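Enquirer: Handing you this structure, nothing more for now.
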There are 2 protein chains.
Amino acid sequence: MELPTLTLGQYSLVYNMLSLAIAAMVASFAFFTMARSQVSARFRPALVMSSLVVGIAGYHYFRIFESWGHAYALQNGAYVPTGMPFNDGYRYVDWLLTVPLLVAELVAVLQLPKAVRGSITARLIIATVLMLVAGYVGEVSGDMGTRNIWGIISSVPFAYILYVLFVELKRAAERETGDVKYKLLMTQLLLIGTWGFYPITYGIPVWFGADFLGATGIVAVQVGYSIADIAAKCGYGLMIYSIARTKMEADGEVAANTAAPVAAE
Amino acid sequence: MELPTLTLGQYSLVYNMLSLAIAAMVASFAFFTMARSQVSARFRPALVMSSLVVGIAGYHYFRIFESWGHAYALQNGAYVPTGMPFNDGYRYVDWLLTVPLLVAELVAVLQLPKAVRGSITARLIIATVLMLVAGYVGEVSGDMGTRNIWGIISSVPFAYILYVLFVELKRAAERETGDVKYKLLMTQLLLIGTWGFYPITYGIPVWFGADFLGATGIVAVQVGYSIADIAAKCGYGLMIYSIARTKMEADGEVAANTAAPVAAE
């Protein structure tokens with residue numbers, strides 16, 4: 001895809017949003033790592049997974065930021081493409097690692113019965129890999145027909161993942177009361193609200209034509225992806241931390257009860 | 001070996017896979033380091049070794065990534081070799097450190113009787129060094145006859161290592177029941193599935209001629225090595241963590257029970 005020339009304001013908006021994403025991911029990594037000692041043993045795996053997700057995303061945002069910087073040069077007051085490609089592939093690589101972790105994280109905090117947990121996690125992770133590989137093939141194809149076909153193929157596992165998570169969140173919410181129930185329902189909304197953004201963005205060139213993505217389009221996609229990623233990774237991790245704390249309160253657990261020496265870190 | 005000219009898609013696929021490997025190794029390092037507090041004292045050495053393996057590999061993938069970036073330059077829409085060599089030697093250096101650790105890690109988690117443990121570890125580590133030194137000599141020779149001879153020499157300790165690990169895994173599986181048995185048998189499969197990739201890749205130029213490795217060949221080898229390394233290091237480490245947790249559950253152990261001061265990290 002040819003990059004369009006950008007105004008100073010357009011270029012800087014993307015640049016600053018990418019930098020914001022780096023800061024948000026790194027800060028969230030520090031938070032989730034420290035917050036492990038605030039939850040009881042049964043919720044610690046979910047916190048570890050939150051740390052990994054934002055740590056991996058922080059690395060990739062750093063790479064995307066560098067790639068953005070190399071793709072443009074300032075000339076006569078406008079940002080002109082240098083010819084170096086802007087590598088959006090980092091996003092797919094990031095999702096390949098973080099989406100299975102996000103899925104496993106949610107399954108971990110739902111505290112499903114052990115008999116079903118392994119099978120649900122395995123099915124969701126396989127669906128995630130299928131979704132992302134199909135998406136990558138379509139994204140790099142450069143041909144709208146091919147992009148369309150792979151997009152449709154990718155949507156099948158995507159819909160499956162959302163459906164399973166949605167149903168399991170609903171079931172989990174039905175088992176709970178009060179604040180825990182409320183937060184599980186909010187997680188459903190967060191999931192739909194943030195994940196919904198990705199297929200819409202993927203589809204824009206197919207529905208409106210590749211030229212629709214002029215300067216405004218490119219800026220909108222990068223800003224949109226950054227906001228969606230911050231919400232889907234940092235926000236989602238905070239939500240899961242909050243569910244864990246609320247469940248602990250409801251069950252009268254304290255972090256230190258379970259394993260005093262470990263929690264003392 | 002002369003590098004072929006690559007299309008944008010071919011170059012980017014390798015570039016993104018190498019970046020994926022960096023992210024996977026670094027994230028696994030964070031995970032294994034944090035997960036130490038989730039296992040009892042007897043399994044902690046295995047977790048420490050897992051951390052070291054993926055930490056070392058993360059460093060080398062960073063170097064390989066940089067080397068790949070310097071070996072090619074974008075010219076008229078294609079990636080053309082710059083004349084800077086692409087250093088595959090990093091892989092051998094990496095294996096020289098990580099393969100003995102992987103072997104020791106597996107021996108540690110098998111919980112062999114103390115009398116045989118030291119002797120098995122020593123024999124396997126010597127075999128590993130012989131295998132890798134012979135492989136390296138063949139790899140850098142540039143002559144197919146020499147490559148072939150050193151490849152055959154290298155295969156002898158390779159077969160020995162696989163045989164010993166296979167037999168010990170089988171014996172360990174026979175001593176166990178249920179989930180632990182199942183996971184030990186899965187580790188056997190993972191071992192064959194991932195390690196088998198390396199000699200096949202080494203042999204390609206010998207069997208099909210050096211020119212067989214055109215653009216597609218180079219891309220396939222780099223993508224294949226990256227996937228095999230992620231599976232053999234991160235995947236294997238996760239498997240070993242999972243075996244440790246399952247054994248702890250089966251034996252009614254908890255992480256904090258065993259060694260309070262260590263767990264207080």
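The values are calculated or read from the model by the stated rules, or taken from the named source; none is laboratory data. The structure presented is a predicted model; accordingly, all values stated were derived computationally and were not measured. Because the Cβ atoms are built from the backbone with ideal geometry, glycine has one as well, and the counts that use them run over all protein chains shown. For accessibility, only protein heavy atoms count, side chains too; no ligands or nucleic acids. Shrake-Rupley method; radii C 1.70, N 1.55, O 1.52, S 1.80 Å.
Enquirer: Those residues that are under 20 Å from the mean Cα position of the chain (by Cα) and surrounded by fewer than 21 Cβ atoms within 10 Å (Cβ to Cβ), I need them from region A:108-126; list them, please.
Expert: Correct list: A:I120, A:T121, A:A122, A:R123, A:I125, A:I126.
Enquirer: Select from region A:32-58 the residues that are farther than 13 Å from A:E105 by Cβ and without any contact (Cβ under 8 Å) to a residue 12 or more places away in the chain and list them in ascending order.
Expert: A:M34
Residue-wise test of (1) facing chain B (nearest Cβ under 10 Å); (2) at pLDDT 90 or above; (3) part of a helix (DSSP H, G or I).
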{"position": "A:A35", "(1), (2), (3)": "no, yes, yes"}
{"position": "A:P45", "(1), (2), (3)": "yes, no, yes"}
{"position": "A:M49", "(1), (2), (3)": "yes, yes, yes"}
{"position": "A:V53", "(1), (2), (3)": "yes, yes, yes"}
{"position": "A:S67", "(1), (2), (3)": "no, yes, yes"}
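Enquirer: Looking at region A:24-33, which of its residues are in contact with a Ser or Thr (Cβ under 7 Å, 6 or more places away or on another chain) and more than 8 Å from every other protein chain (Cβ to nearest Cβ)?
Expert: Within region A:24-33, A:F29, A:F32 qualify.
Enquirer: Shifting gears a bit: With A:T177, A:T146, A:T187 as the choices, which residue is modelled with pLDDT of 85 or more, among the hydroxyl-bearing types (S, T, Y) and closer than 19 Å to A:I240 by Cα?
Expert: After applying the criteria, what remains is A:T187.
Enquirer: Out of the residues in region A:164-175 meeting the condition of being over 20 Å from the mean Cα position of the chain (by Cα) and in contact (Cβ under 8 Å) with a residue 12 or more places away in the chain, tell me which one is most open to solvent (accessible area, probe 1.4 Å).
Expert: Only one residue fits best here, namely A:K170.
Enquirer: Okay, next question. What is the residue count in region B:9-47 for residues that are of a type in the set (F, W, Y) and under 15 Å from the mean Cα position of the chain (by Cα)?
Expert: Going through region B:9-47 one residue at a time, the tally reaches 1.
Enquirer: Identify all residues within region A:70-101 that are over 16 Å from A:A228 (Cα atoms) and part of a loop (DSSP other than H, G, I, E, B); write none if there are none.
Expert: Within region A:70-101, A:N76, A:G77, A:T82, A:G83, A:M84, A:P85, A:F86, A:N87 qualify.
Enquirer: Criterion first (more than 13 Å from chain B (Cβ to nearest Cβ), touching a residue at least 12 places away in the same chain (Cβ under 8 Å), within 28 Å of B:G235 (Cβ to Cβ) and not in a helix (DSSP H, G or I)) does A:L106 satisfy it?
Expert: No, not satisfied.
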